[in-house]
Amino acid sequence: MSPLLIATVEAASHAAQPGIVEELQTQFGLQVHYVVIQAISFLIVMGVLYRFAIKPTITTMDERATKIESGLKYAEEMKTKLDATQAQSAEIVKEAQSKAGVIINEARDSAKDFLEKQTQEATLKANDIVTKAQQAIELERRKTIAEARDEIARLVVATTERVLAKKLSDEDRNVYNESAAKELNVL
């Protein structure tokens with residue numbers, strides 16, 4: 001039991017005994033009507049304090065506790081949303097990385113194909129240039145040989161005319177030119 005309750009019970013049992021109250025009043029100088037007035041004043045002060053101080057304070061504390069609880073719930077919800085958003089962001093980054101890898105591989109393959117195509121085209125162009133150069137060389141060689149034959153034939157005719165010391169007719173010249181050309185063809 002509480003000490004206050006025990007003291008109240010003991011005071012009530014002593015009050016039932018006659019003469020004890022009067023003895024206390026004379027010994028301590030207590031007067032009953034002052035004690036009753038003090039008790040009533042105490043109850044009034046206690047009621048005013050409860051109504052205007054304690055009750056609003058308890059209400060404010062309850063409101064703050066409610067706000068804090070709702071704030072914690074909100075923070076927990078935001079944390080959950082943040083975790084979900086971070087997971088979603090990580091998934092998007094993974095997807096973007098895989099797409100980037102595919103694009104890079106496609107670009108490499110495309111560049112490799114383009115390089116092979118360009119190499120083949122360059123090889124064909126180079127072969128065409130080499131073929132045309134060989135044809136031009138062959139044409140130039142034939143032209144040079146033809147010019148050399150004509151020059152040699154002319155020199156043979158001129159030499160023959162000097163050796164023989166006579167002028168050759170056009171027919172003799174043609175015969176010497178043809179025989180010189182035949183000899184050159186053999187070479």
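Projected label points at residue 32 and residue 149, each 7 Å from Cα along the beta carbon direction, are separated by 16.9 nanometres.
Just grab the label-to-label distance for residue 62 and residue 158, each label 7 Å out from Cα along the Cβ direction, in nm (one decimal). Roughly 13.8 nm, to one decimal. So which lysines can residue 125 reach, going by Cα to Cα under 19 Å and dropping same-chain residues fewer than 8 places off? The reachable lysines, counting only those whose Cα sits under 19 Å from residue 125, are 117.
How do 128, 172 line up, fewest other C-beta atoms within 10 Å first? Show your work: numbers first, answer last.
Working: 128 10, 172 15.
Taking fewest neighbouring Cβ atoms as first place, the list is 128, 172.
No value in this document is a laboratory result; all are computed from the given coordinates. Everything quoted here is computed from the prediction, not taken from an experiment. Heads up, the Cβs are rebuilt from the backbone with ideal geometry, glycines too, and the neighbour counts pull from every protein chain shown.
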